[in-house]
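K.L.:
Got a structure for you, questions after.
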């Protein structure tokens with residue numbers, strides 16, 4: 001289980017390339033190290049499926065200036081500008097990459113399996129509207145994540161999460177301490193320290209939330225289960241907003 005969605009990896013290293021911090025080869029190598037071989041289809045100027053390296057080069061020729069992350073969920077189309085066809089495709093997988101072009105497009109990932117050993121990512125380009133999607137700035141998302149984390153963990157610990165998954169109880173009890181420490185791992189060159197820290201915390205929390213939502217809470221009553229799910233959904237929204245803000249912050253720094 002990865003704490004970083006494929007779209008996040010592509011946005012981070014794609015922006016590092018576009019802002020001159022790494023070369024195209026280094027960026028694509030990093031993306032494929034994280035997710036396996038990558039191909040793209042529907043890229044402007046290309047008539048067939050192409051390797052990601054060629055696809056990014058074609059987008060650059062078409063005027064690509066930046067990549068933005070979208071992490072939508074039902075009822076919360078975070079980062080999506082439309083149209084409905086794009087929103088539907090992105091909602092099915094919970095992510096997308098918006099490519100800033102004179103004629104905008106969005107790339108939606110899907111697992112690409114070929115034979116018994118080839119597992120990679122296939123990006124499909126979709127038409128995107130010029131509308132500016134609703135997405136938070138990094139300081140706002142950082143503050144909201146801190147507040148939500150404190151409130152959600154207090155609620156979950158009061159409900160005795162140890163009764164349903166002890167390892168997550170330990171994780172929830174320590175995550176707040178990690179918020180102000182040095183980040184583990186990182187985004188890509190060119191991102192500010194705050195973005196690295198927020199992305200690291202949000203990545204850890206994304207795993208916690210995903211695991212917790214798979215479990216209905218053991219012996220919890222119906223009322224307690226509803227409170228638990230509400231707390232997790234609120235935390236999930238804050239995590240996704242923090243990830244979007246962190247991964248998109250390279251573009252703000254480049255202005």
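The values are calculated or read from the model by the stated rules, or taken from the named source; none is laboratory data. What you see is a predicted model, and the numbers here were worked out from it, not measured in a lab. Cβ placement follows ideal geometry from the backbone for every residue including glycine, while neighbour counts extend to all protein chains displayed.
K.L.:
For residue 211, are the conditions met, namely being modelled with pLDDT under 90 and in a helix (DSSP H, G or I)?
P.N.:
yes
K.L.:
A follow-up question, please. Checking residue 176 against (1) farther than 13 Å from residue 153 by Cβ; (2) modelled with pLDDT under 80, which single condition isn't satisfied?
P.N.:
(1) is the only condition that residue 176 fails.
K.L.:
Shifting gears a bit: Return the residue satisfying two criteria in turn: it lies in the stretch 22-36 and is at pLDDT 95 or above and either within 12 Å of residue 121 (Cα to Cα) or part of a loop (DSSP other than H, G, I, E, B) (or both), and of such residues it is farthest from the chain's Cα centre (by Cα).
P.N.:
That would be 23.
K.L.:
Can you tell which of 86, 91, 98 is in a strand (DSSP E or B) and at pLDDT 95 or above?
P.N.:
Selected residue: 98, the only one of 86, 91, 98 that is in a strand (DSSP E or B) and at pLDDT 95 or above.
K.L.:
Could you run through the stretch 38-68 and say how many residues are touching a helix residue (DSSP H, G or I) at 6+ places or on another chain (Cβ under 6 Å) and either surrounded by fewer than 20 Cβ atoms within 10 Å (Cβ to Cβ) or outside any helix (DSSP H, G or I) (or both)?
P.N.:
9
K.L.:
OK, next. Restricted to the stretch 219-255, and to residues that are farther than 22 Å from residue 137 by Cα and surrounded by fewer than 14 Cβ atoms within 10 Å (Cβ to Cβ), which residue is modelled with the highest pLDDT?
P.N.:
In this case the residue turns out to be 230.
K.L.:
Look at residue 169 and say whether it is surrounded by 21 or more Cβ atoms within 10 Å (Cβ to Cβ) and either touching a helix residue (DSSP H, G or I) at 6+ places or on another chain (Cβ under 8 Å) or modelled with pLDDT under 80 (or both).
P.N.:
It is false that residue 169 is surrounded by 21 or more Cβ atoms within 10 Å (Cβ to Cβ) and either touching a helix residue (DSSP H, G or I) at 6+ places or on another chain (Cβ under 8 Å) or modelled with pLDDT under 80 (or both).
K.L.:
Can I ask one more? Would you check if there is a residue in the stretch 92-102 being in contact (Cβ under 8 Å) with a residue 24 or more places away in the chain, within 17 Å of residue 66 (Cβ to Cβ) and out of contact with any strand residue (DSSP E or B) (no Cβ under 8 Å at 6 or more places or on another chain)?
P.N.:
Yes, the stretch 92-102 has at least one match.
K.L.:
Could we say that residue 108 is over 19 Å from residue 203 (Cα atoms) and assigned by TED's automatic domain parsing to the domain that holds residue 46 here?
P.N.:
The answer is yes for residue 108.
K.L.:
Being touching a strand residue (DSSP E or B) at 6+ places or on another chain (Cβ under 8 Å) and either within 15 Å of residue 107 (Cα to Cα) or without any contact (Cβ under 8 Å) to a residue 40 or more places away in the chain (or both) is the filter here, so list the residues in the stretch 6-34 that pass it.
P.N.:
Passing the criteria: 6, 7, 8, 10, 11, 14, 15, 28, 31.
K.L.:
Sort through 161, 132 and tell me the only one that's at pLDDT below 95, under 30 Å from residue 41 (Cα atoms) and not assigned by TED's automatic domain parsing to the domain that holds residue 72. Give the derivation first.
P.N.:
Working: 161 fails: under 30 Å from residue 41 (Cα atoms).
Going through 161, 132 in turn, just one is at pLDDT below 95, under 30 Å from residue 41 (Cα atoms) and not assigned by TED's automatic domain parsing to the domain that holds residue 72: 132.
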